[in-house]
Structure formats: C-alpha cells, structure tokens
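Visitor: Dumping the structure here so I can ask a few things about it.
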Amino acid sequence: LVTTLVVMGVTLITVWLLHLLLKRNSRGRGRCAATLPPGSMGLPLLGETLQFFVGSPSLDLFPFFKRRLEKYGPIFKTNLVGKDLIVSLDPELNNYVFQQEEKAFQIWYPESFMRILGDDNILSSVGSLHKHMRNLVLRVFGPENLRLVLLHDVQSAVKTSLDSWLEKPSIELKAAASSMIFSVTAKWLIGYEASRSSGDLWKHYDTRGVVTFPLAIPGTAFYRCLQVQSCVEDV
C-alpha cells in the first residue's frame, strides 16, 4: 500500500506539468518552442508503461523513478498509459506546483483514474467545491478528531487484528495492515463496518488498475476495476 501510494502520489501529482508543457511546446513550434527536460518517450503507443508497472518488494523509491533519476535528474519526460508526461521528483518544484494549482497549473488525472473514481471525487473538484469537500474530510480526519475520537477506533482495530492474527500460522503483513487501516477509514467515511457485513469490501478496493490503459475489455485490470466499482456503489 505504501509503495502504491508513493507511486500514485509522485506520478499523479507532479505529472500535471507535462500535459501543459507538451501542448505549449507543440503550439510554440515555429515561434518560440519550449525546451523539454531530458528523458525518453519509449515505444509507440506503449511508451514506458511496461517498465513503470514492474513491481518492487522494496518500500524505497520505485525502480522506474530511481533509474531515471540517476540518468536524467529529478525532472524528466516519459510516456505512460498513452500520455506524454513530465515527472518531477524535485520537492521544491512539487511544492511550487501545489501552490500554483489553478493559477499557473491546471490539475489533470489519467482517463482511467477519472472513470473509476467518478467526476465528483474530491481530487478533481476545484475552487470553492474543493475547499468545501476538503473541509468535510478534515472535520473527520483532522488532528482534534483524531485525538478525541479516531484514536480509540484505531486502537480497537489494532487489537482486533492482532487477536485474529494469533489464529493464523502466517500473515501477509502489508495486506493485513492495509485492510485494518481501510476498516477504520471506511467506518468514518461511509459508515461501513466489516463485522456487520460480509467483510469483503476491502477486496474490491484492493483491485489494481486505477492507473492503466482505459480499455474496458474482459481480462484487463481496468475492466476489473469497473466491475468492482459497481459492487462498491451498491454497498
């Protein structure tokens, strides 16, 4: 889960740059074309998508980013899931992008991401709507509520999970910890309690395919995500 979040965070947050810069570059040809950072666009259509999705057991920086950081530096161009992108691993630049959101930079997410999460998700909202939705989330997961209310639920979830682990010869710690965190989050966001239901909602959220080619063809990761999306909406 940590590795997935790191990858999504680095890719989806800093990746906005490219859509903008490449469009400006194409528009500026013949006039004052922008200079793009070093990097490779990979194979036609596929780009460098296959290398990007190669897994890693380490919680360190993903190999895809690590190799390109060493070769090109903290800012490089690439092509993932059919889109030309610029990736930034530079903390100062990323902070600047955050500060200039909806000013110098327009937020953008891959088509597969938006189709699965829906048009009304908090990440795609802008302006006053984004501020309102963010305040609603902070009201639940803000420091004060974490200390007064959520800490008790977290402690209870940890105790329940540890007790259940005693009955098993071995556990997959990463998956078990992720499921435990999900149970607490889902309870407060949507009122879901695994103990009062079939308890398999986490399996739907664990389906991998948010950042992939948006091909709704049986057998693809994106198709599986669309299937579990309908199951989640029925909960």
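Visitor: Answer yes if at least one residue in the stretch 152-174 is in a helix (DSSP H, G or I), within 30 Å of Glu111 (Cα to Cα) and either modelled with pLDDT under 80 or not hydrophobic (A, V, I, L, M, F, W, C) (or both), and no otherwise.
Guide: The answer is yes; a qualifying residue exists.
Visitor: In the stretch 33-54, which residues are at positive phi and modelled with pLDDT of 90 or more?
Guide: Listed by number, the residues that qualify are Gly39, Gly42, Gly47.
Visitor: Is it the case that some residue within the stretch 65-83 is of a type in the set (Val, Ile, Thr), modelled with pLDDT of 90 or more and either in contact with a Gly (Cβ under 8 Å, 6 or more places away or on another chain) or more than 23 Å from Pro38 (Cα to Cα) (or both)?
Guide: Yes, the conditions are met somewhere in the stretch 65-83.
Quick grid of which residues meet (1) assigned by TED's automatic domain parsing to the domain that holds Tyr223; (2) at pLDDT below 75; (3) surrounded by 15 or more Cβ atoms within 10 Å (Cβ to Cβ); (4) out of contact with any strand residue (DSSP E or B) (no Cβ under 7 Å at 6 or more places or on another chain):
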{"position": "Pro91", "(1), (2), (3), (4)": "no, no, no, yes"}
{"position": "Val97", "(1), (2), (3), (4)": "no, no, yes, no"}
{"position": "Asp119", "(1), (2), (3), (4)": "no, yes, no, yes"}
{"position": "Leu123", "(1), (2), (3), (4)": "no, yes, no, yes"}
{"position": "Met133", "(1), (2), (3), (4)": "yes, yes, yes, yes"}
{"position": "Glu144", "(1), (2), (3), (4)": "yes, no, no, yes"}
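Visitor: Quick one: in the stretch 35-77, of everything that is β-branched (Val, Ile, Thr) and over 30 Å from Lys174 (Cα atoms), which residue is surrounded by the most Cβ atoms within 10 Å (Cβ to Cβ)?
Guide: Ile75
The values are calculated or read from the model by the stated rules, or taken from the named source; none is laboratory data. From a predicted model like this one, the values you see are computed outputs, not experimental measurements. Neighbour counts are summed over all protein chains in view; Cβ atoms, including those assigned to glycine, are modelled from backbone coordinates with ideal geometry.
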